[in-house]
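I have placed the structure first, in the form of structure tokens, so that the comments after it can refer back to it.
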Amino acid sequence: MKKSIGPKKIKIAVFISGKGSNLKNLIKFSKFKKYPFSIKLIISSSNNAIGLKYSKKYKITKKIINYDKKIKTDKIILQILNQKKIKLICLAGFMKILSNNFIKRFKGKIVNIHPSLLPKYKGLNTHARAIKNKDKFAGCTVHYVTSKLDSGKIILQERVKISKKDTPFSLAKKILKKEHLIYPAAIKKILN
Ligand code: GAR
């Protein structure tokens, strides 16, 4: 695929809390001409998030935010988003809940990737719950973020078969591969 050279790209921010494999993957896709976005900001809810290393590697501004101070937090983030002219926020393994006020201020411009076939298994431990319920399929969903947890309009979804041997760990690994396919595709879909 061709690397991007000139055309204007939409500036996005990626919010993380952990490993950041989705972040890394989005950075990779953002370099391709066909994908109309560029990652200009990484926000992390933790100082220890492994994914923060991609800030240094790819020279992307990072900001670590203490989410326990809600009201102040919103103000700080909104300011940075403004400064950086961010038009879309992508939550990628972001394990904090955004305030209603923040979601309102950025209405329709926040998306999330969730490791289940929503509306099934909102919240945590999705893989273990799917296995425990003997589901045949699991998967991942990219959706808009609203004030109701994991409930906004679905943009893209991909499924994987659950085998008898699957553990939450092996299933998470299988699903993550699909996440890396649908997240860039979903962003492209909404921006085009
Ligand atoms: C991903 O599986 C993502 O779907 C999930 O966390 C993982 C982060 O991986 N997100 C949630 O559970 C949000 N509720 P990554 O840090 O390697 O991108």
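The label point for residue 64 and the one for residue 185, both projected 7 Å from the Cα toward the Cβ, are 3.6 nm apart.
For the residues 170, 17, 45, a GNM of the chain with alpha-carbon springs under 10 Å puts the largest fluctuation on 170. Seen from every direction in turn and averaged, the convex hull around the alpha carbons of the chain projects onto 10.9 nm².
Calculated FRET efficiency, residue 79 and residue 50, Cβ-Cβ r, R0 35 Å, to nearest 0.05? Provide the component values of the computation, followed by the final result.
Values: r = 26 Å, r/R0 = 0.75.
The formula returns an efficiency of 0.85 here.
Think of a 1.4 Å ball rolled over the protein heavy atoms: the chain then has 59 Å² of accessible area per residue. Scoring 144-152, 33-41 by mean Cβ neighbours within 10 Å over their residues and listing the highest first yields 33-41, 144-152.
Annotation: extensible slack from residue 11 through residue 129 equals 38.9 nm (criterion: 0.36 nm per residue apart, minus Cα-Cα distance).
The angle separating the long axis of helix 70-83 from the principal Cα axis of greatest extent in the chain is about 60 degrees. Taking the average, over residues, of other Cβ atoms within 10 Å as the packing measure, peptides 159-165, 95-101, 116-122 rank 116-122, 95-101, 159-165 from highest down.
Each residue was assigned an accessible area with a 1.4 Å probe, and for residue 124 the value is about 110 Å². Would you mind checking the tilt of helix 21-30 against the longest principal axis of the Cα atoms of the chain, expressed as 0 to 90 degrees and rounded to 10? Helix 21-30 and the main axis of the chain meet at about 60 degrees. Paramagnetic label reach from residue 120 (point 7 Å along Cα→Cβ; backbone nitrogen cut-off under 20 Å): within the range 162-191, residues 162-183.
The charge dipole of the range 1-117, taken about the Cα centre with unit charges on the Cβ atoms of Lys, Arg (+1) and Asp, Glu (-1), comes to about 620 debye, rounded to the nearest 20. Full extension of the chain between residue 32 and residue 147 yields a length gain of 38.1 nm, computed as 0.36 nm times the residue separation minus the alpha carbon distance.
How high is the FRET efficiency between residue 57 and residue 163 when r is their beta carbon distance and R₀ equals 45 Å, given to the nearest 0.05? In this case the efficiency is close to 0.80.
Each of 143, 180 has its accessible area taken with a 1.4 Å probe; listed largest first, they run 180, 143. Once the convex hull of all Cα atoms in the range 120-192 is built, its volume per residue stands at 79 Å³. Of all aspartates and glutamates in the structure, those lying under 12 Å Cα to Cα from residue 136, and not within fewer than 8 positions of it along the same chain, are 166. Please identify, among 92, 138, 49, the residue showing maximal mean-square fluctuation in a Gaussian network model of the chain using a 10 angstrom Cα cutoff. Most flexible of the set in this elastic network: 49. Across the range 1-115, Cα-Cα pairs farther apart than 24 Å form 21% of the total.
The values are calculated or read from the model by the stated rules, or taken from the named source; none is laboratory data. Please read all numbers here as calculations on a predicted model, not as lab measurements. Note: ideal-geometry Cβ built from the backbone for every residue, glycine included; neighbour counts use all protein chains shown. Note: areas computed on protein heavy atoms with side chains; ligands, DNA, RNA excluded. Shrake-Rupley method; radii C 1.70, N 1.55, O 1.52, S 1.80 Å.
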